[in-house]
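Engineer: Handing you a structure now.
Read the figures in this text as sums done on the coordinates, not as results from a lab. All figures in this text were calculated on a predicted structure; none of them were measured in a lab. Note that we place each Cβ from the backbone using ideal geometry, even for glycine, and neighbour counts take in every protein chain shown.
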Amino acid sequence: MAIAELVTAQPDIGYTPDFDKYIARVKKNLATKSLDKSLPPGFPSKLESNLVWDNTDIASRFDWAYQLSTSDLDELEAALQHFKSLGKPLGYLNQDTFPLPKLHSKLRAISNEIHNGFGFQVIRGLPVSTHSREDIVAIYAGLASHIAPIRGRQDHLYDGKPADVAMNHIKDLTAIYDASKIGAPAYTSDKQVFHTDSGDIIALLCLNEAAEGGQSKVSSSWRVYNELAATRPDLIRTLAEDWPVELFGDKDKAFVNRPLLHYQPQTGTESKASFYRMLKPERLIIQYARRTFTGFQGLPRSANIPPITEAQAEALDTLHFLAEKYALGLEFKQGDVQFVNNLSVFHARDGFTNTAEKQRHLVRLWLRDPENAWKTPEILQERWDKVYAGVSAENQVFPLEPYIRTSSLGGSEKK
């Protein structure tokens, strides 16, 4: 790290990106620093893949929406009734207890698309309005188990007791909690900037739409990488170096140093013989959430952990504004489910307005499909273990009403 980067104060950067401040920071860095024009060792100058897309070409290359047919819905209903006949808690939802003999192959193809294709898919038409909250959650989780059978842990406590909380609500809770208790934009009507979550796949079911706004957006991190590699390789270097990542909700340590960007080169061999193929494609993985470097509302960035550098502040803003430049806005209606490759696709949402009658409400799963899963970088394994390791059917909890999960809870209520 250069002497100039050994700072003791956090840069002037907040959770909401400020374009004017970003441009001023870029101009200052370009004018005052000698920037490294080489990529980190082994990193590619350009990625070639269907995972490289943007809003100018994706619609002509990929039909990302799958509309459930009448026969699909009948099969989902039969699976729901079968599961209910077993008398088991929701944690026991899986491909066997929620059988979809005809739809299964379509859902496996969607898993392949998420991992090896364009990186996202929307399934439309879940019968939200005609089913109880518990039944639609069962349909949602049961269907998702055929795409990725492993559900991750999104919280370790529920009602003050240890639990594997498998589902999280994304809803404005500002009428229930004051600002000092809310440490993540997921529980407000604010804009959520481009970021990634934990785990391999994010699934989001829309239970209700906002009265106005709240558009969901996805953006290819591989497209963003290609632009940076061509124009600002120094920022690729910055992203591939260690950052002080704040660990909200972790009782054992306040932060961890790790890169945001990880590259795995192509490995293995390929034979001309069609029956022999051991080739694993290259993978570019980015894992970051802006609030872990800036804080948000009831969870400001801790003063007793290292600040980020000016170069890192510039990189954060650059990721957001490039992702925004190339983003695809998704029409996200009641009954839609988005499945997103969390390793290669950023996601965000616009701010929104609710009314008494229309309140935006999503429910989220973190999923993993062992058959198609990308290799987890070693430095992320501890983070992944907190999501997936030791999650059991009997300990899984699916809260039917919204609450703020532990790592997003600020103020005096935080445990």
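Engineer: Sort the following peptides by mean Cβ neighbour count (other Cβ atoms within 10 Å, averaged over residues), highest first: 209-216, 387-394.
Structural biologist: Result, highest mean Cβ count within 10 Å first: 209-216, 387-394.
Engineer: Something else: When all C-alpha to C-alpha distances in the chain are sorted into bins of 20 Å, what percent of pairs does each bin hold, rounded to whole numbers?
Structural biologist: The calculated distribution, bin by bin, is 26, 59, 15, 0.
Engineer: What FRET efficiency, computed as 1/(1 + (r/R0)^6) with R0 = 35 Å and r the Cβ-Cβ distance, is obtained for E77 and N116, rounded to the nearest 0.05?
Structural biologist: That pair, E77 with N116, gives E of 0.70.
Engineer: Assign unit charges at the C-beta atoms only (+1 for Lys and Arg, -1 for Asp and Glu), then state the dipole size of the stretch 151-278 relative to its Cα centre in Debye, rounded to the nearest 20.
Structural biologist: 440 debye
Engineer: Among I170, A138, P11, which residue has its Cα furthest toward the positive end of the charge dipole of the chain, with +1 on Lys/Arg Cβ and -1 on Asp/Glu Cβ?
Structural biologist: P11
Engineer: Would you kindly state how much longer the chain becomes between L35 and E357 on full extension, computed as 0.36 nm times their sequence separation minus their alpha carbon distance, in nm to one decimal?
Structural biologist: 110.6 nm
Engineer: Be a star and scan the stretch 97-119 for residues whose amide nitrogen sits under 12 Å from the point 7 Å along the Cα-to-Cβ vector of K375.
Structural biologist: none
Engineer: Can you give me the relative contact order of the chain as a percent, contacts being Cα pairs under 8 Å and 6 or more apart?
Structural biologist: Relative contact order here is 32 percent.
Engineer: Name all residues of the stretch 372-402 having a backbone nitrogen under 18 Å from the label point set 7 Å from the Cα of Q266 along its Cα→Cβ direction, giving them as ranges.
Structural biologist: Zone members listed by number: 375.
Engineer: Contour minus end-to-end for E394 and N304, with contour as 0.36 nm per residue of separation and end-to-end as the Cα-Cα distance?
Structural biologist: 28.5 nm is the gain from fully extending E394 to N304.
Engineer: Which is farthest toward the positive dipole end of the chain among W222, Y187, V387, measuring Cα position about the Cα centre, with Cβ charges +1 (Lys, Arg) and -1 (Asp, Glu)?
Structural biologist: Going by the Cα projections, it comes out as W222.
Engineer: Hey, what number do you get for the chain at 222 nm if only DSSP H runs of n ≥ 4 count, each worth -39500 (n - 2.57), divided across all residues, to the nearest 500?
Structural biologist: Rounded to the nearest 500, the figure is -8000 deg cm²/dmol.
Engineer: Next question. Evaluate the charge dipole of the stretch 212-328 about its Cα centre and quote only its size in Debye, nearest 20, assuming +1 on the Cβ of each Lys and Arg and -1 on the Cβ of each Asp and Glu.
Structural biologist: 440 debye
Engineer: Which Cα, out of H115, H104, G335, lies furthest along the positive dipole direction of the chain (beta carbon charges, K/R +1, D/E -1)?
Structural biologist: Checking the options against the dipole of the chain, the answer is H115.
Engineer: Give, rounded to the nearest 20 debye, the magnitude of the charge dipole that the chain has about its Cα centre when Lys and Arg contribute +1 at Cβ and Asp and Glu contribute -1 at Cβ.
Structural biologist: The dipole magnitude comes to about 500 debye.
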